[in-house]
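Trainee: Can you read through this structure? Questions will come right after.
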Amino acid sequence: MAFTNDTRNKLDDAQAQIARLRDQVEALMKDRVSPAVSDFAGRAETAMHSASGVVRDQAQAVSGQVKEQPLIALLIAATVGWIIGRVMR
């Protein structure tokens, strides 16, 4: 009987320690990890919007160049295609 009570007390103590550890981990997640992840996500979103704006601007610039000088654009495209074809052989 004493063995059972001792085992039960140790089990209860272990469960209490696990509950305290769980609470500590949850508090750390809430106080430290969540704000850091949120900050990182905000920075990533800002960088993505900035990069997409740059890509859009560059695409418009290239499109304007192609419209102004279509023969040069065609020669460049043909040359690049030929080089890729040679490399792929």
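Trainee: Name the residue, out of Thr46, Thr79, that is among the hydroxyl-bearing types (Ser, Thr, Tyr), without any contact (Cβ under 8 Å) to a residue 12 or more places away in the chain and open to solvent by less than 80 Å² (accessible area, probe 1.4 Å).
Mentor: Numbers: Thr46 fails: open to solvent by less than 80 Å² (accessible area, probe 1.4 Å).
On inspection, the qualifying residue turns out to be Thr79.
Trainee: Quick one: Gln24 ticks every box in (1) modelled with pLDDT under 85; (2) open to solvent by 90 Å² or more (accessible area, probe 1.4 Å) except a single one, so which number is it?
Mentor: Condition not satisfied by Gln24: (1).
Trainee: Only one of these conditions is not met by Gln15: (1) modelled with pLDDT under 90; (2) open to solvent by 80 Å² or more (accessible area, probe 1.4 Å). Which number is it?
Mentor: (1)
The values are calculated or read from the model by the stated rules, or taken from the named source; none is laboratory data. This one's a predicted model, so the numbers in the text were calculated from it and none came from an experiment. Here Cβ is always computed from backbone atoms with ideal geometry, including for glycine, and neighbour counts include all displayed protein chains. Ligands, DNA and RNA are excluded from the accessible area calculation, which covers all protein heavy atoms including side chains. Shrake-Rupley method; radii C 1.70, N 1.55, O 1.52, S 1.80 Å.
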